[in-house]
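Some notes on the structure that comes next.
The values are calculated or read from the model by the stated rules, or taken from the named source; none is laboratory data. Values in this document were obtained by computation on a predicted structure and should not be read as measured data. Note that we place each Cβ from the backbone using ideal geometry, even for glycine, and neighbour counts take in every protein chain shown.
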Amino acid sequence: MLLSEAAAASGRDNNFNLVRLAAATAVVISHSFALATGDPAAEPLWSSLGITLGGLAVVAFFMTSGYLVGGSLLSTGRPVRFIVARALRIYPGLWVALLLTVFMLGPAVTGAGIAGYLGDAATWHYLGKNAAMFLGVDRQLPRVFDHNPYPAAVNGSLWTLTYELWMYAILLAAWMLASGRRRVLLAAIACLAAAGLAAYYRVPDLTPVAWSVAGKAAWLAPMFFIGVLIHLGRHRVILSGWLAGAAALVLVGAAWLGPAWFKLAYPACLAYVVFFIAYGLPPVRWLLHRDYSYGVYIYSFPLQQLVAFALPGVGVVMMFVIAMALSLACAALSWHLLESRMLQLVDLVAGRVTRMARRPVGEGYS
């Protein structure tokens, strides 16, 4: 069966919510090692491959995002709706998480005292920069978690959102420049993916932790545009359980051979496994209308830091169990009370923005 046929047959009854929740859970597992021990290298995959389970999960996030976001833009052909949909998906949940972090979590655990904490410009810089997100993130609040095993960040997950937003902007620019010409868009996206992979393969590292901004972009951009390419070429992609099993075996074999082989193999093989799970397996119906992945992603890191603060010496497993339970609770509340409701407003808000943009200057004013 072709990927396009599987997608058409399943409609919205697919496993993307499962894939994303599994990826978010993998990030929590990965972070538990660093936040419980203080040593990011304690994560088992890091010592053997140079990439963590969380790093692979981020790649899966970007691949699925490229496929779904690219598909959304291409199917509607409405840039205003695209921008509104992306903004309403990212920002409301993020802003609530930031407000809770800055005004509830921070004052409760800071060593600077509430007056010193609120009077410190760094507090407001953290809130403002992370609320915008497009120009990067601020990692620390005054004296918050400064005695934890890993004191370097209050919410170390947020940095990827900046690159996600950049990918949306680049995709939209490419689509507008292509002016509806599918082959032109396909060529542009292929060039973006190829250029990113070429830059990524130039260095031996699998995860550019210490790289520049450009280095991190060279790691994540091709993963996003691979997802877009899969959507554009879905009429040619064969979906097969045998091929998915083979891709999984190649991943295992490449990991056994070493980091250089794994780096060559994992983008294509991981992408195939992800999309087979999404469309080739029976859907997990409980998750069809519950996307808890974003909530888990934006809440888990500060909750893990809170566990480390409240339970000094907590182990990796116990941190994961407690933080994951708390993260799922926060994610469920965020989805049902905020995120899903914001998504229902996309067409309404996009319509109003479009009408305002078309209104002649001065109309409606006396």
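The combined condition, being modelled with pLDDT of 95 or more and in contact with a helix residue (DSSP H, G or I) (Cβ under 8 Å, 6 or more places away or on another chain), is fulfilled by residue 224.
So, residue 130, is that one in a helix (DSSP H, G or I), modelled with pLDDT of 95 or more, surrounded by 18 or more Cβ atoms within 10 Å (Cβ to Cβ) and among the polar types (S, T, N, Q) or not? Yes; evaluated as a whole, the condition is true for this residue.
Of all residues in the stretch 274-323, those that are over 22 Å from residue 90 (Cα atoms) and among the acidic types (Asp, Glu) total 0. Just to be sure before I move on: is residue 84 part of a helix (DSSP H, G or I), of a type in the set (Val, Ile, Thr), modelled with pLDDT of 90 or more and buried (at least 23 other Cβ atoms within 10 Å of the Cβ) in the structure I sent? No.
Out of 48, 75, one residue alone is part of a helix (DSSP H, G or I), surrounded by fewer than 19 Cβ atoms within 10 Å (Cβ to Cβ) and in contact with a helix residue (DSSP H, G or I) (Cβ under 9 Å, 6 or more places away or on another chain). It is 48. Of everything listed in (1) surrounded by fewer than 16 Cβ atoms within 10 Å (Cβ to Cβ); (2) modelled with pLDDT of 95 or more, the single unmet condition for residue 61 is (1). Among the residues of the stretch 229-263, those identified as surrounded by fewer than 15 Cβ atoms within 10 Å (Cβ to Cβ), hydrophobic (A, V, I, L, M, F, W, C) and touching a residue at least 40 places away in the same chain (Cβ under 8 Å) are 238, 260.
Condition check ((1) aliphatic (A, V, I, L, M); (2) touching a residue at least 60 places away in the same chain (Cβ under 8 Å)) across all residues:
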{"position": "90", "(1), (2)": "yes, yes"}
{"position": "101", "(1), (2)": "no, yes"}
{"position": "126", "(1), (2)": "no, no"}
{"position": "131", "(1), (2)": "yes, no"}
{"position": "143", "(1), (2)": "no, no"}
{"position": "146", "(1), (2)": "no, no"}
{"position": "154", "(1), (2)": "yes, yes"}
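Among the residues of the stretch 174-210, the one identified as closer than 22 Å to residue 134 by Cβ, exposed (fewer than 13 other Cβ atoms within 10 Å of the Cβ) and touching a residue at least 40 places away in the same chain (Cβ under 8 Å) is 176.
In the list 342, 324, 319, which residue meets the criterion of being under 21 Å from residue 44 (Cβ atoms), touching a residue at least 60 places away in the same chain (Cβ under 8 Å) and within 20 Å of the chain's Cα centre (by Cα)?
324
Checking each residue in the stretch 101-120 for being touching a Pro at 6+ places or on another chain (Cβ under 9 Å), within 27 Å of residue 297 (Cα to Cα) and among the hydrophobic types (A, V, I, L, M, F, W, C) picks out 105, 118. Can you find even one residue in the stretch 163-173 that is surrounded by 18 or more Cβ atoms within 10 Å (Cβ to Cβ), free of Cβ contacts under 8 Å to residues at least 40 places away in the same chain and either of a type outside the set (Asp, Glu) or at positive phi (or both)? Among the residues of the stretch 163-173, not one is surrounded by 18 or more Cβ atoms within 10 Å (Cβ to Cβ), free of Cβ contacts under 8 Å to residues at least 40 places away in the same chain and either of a type outside the set (Asp, Glu) or at positive phi (or both), which makes the answer no.
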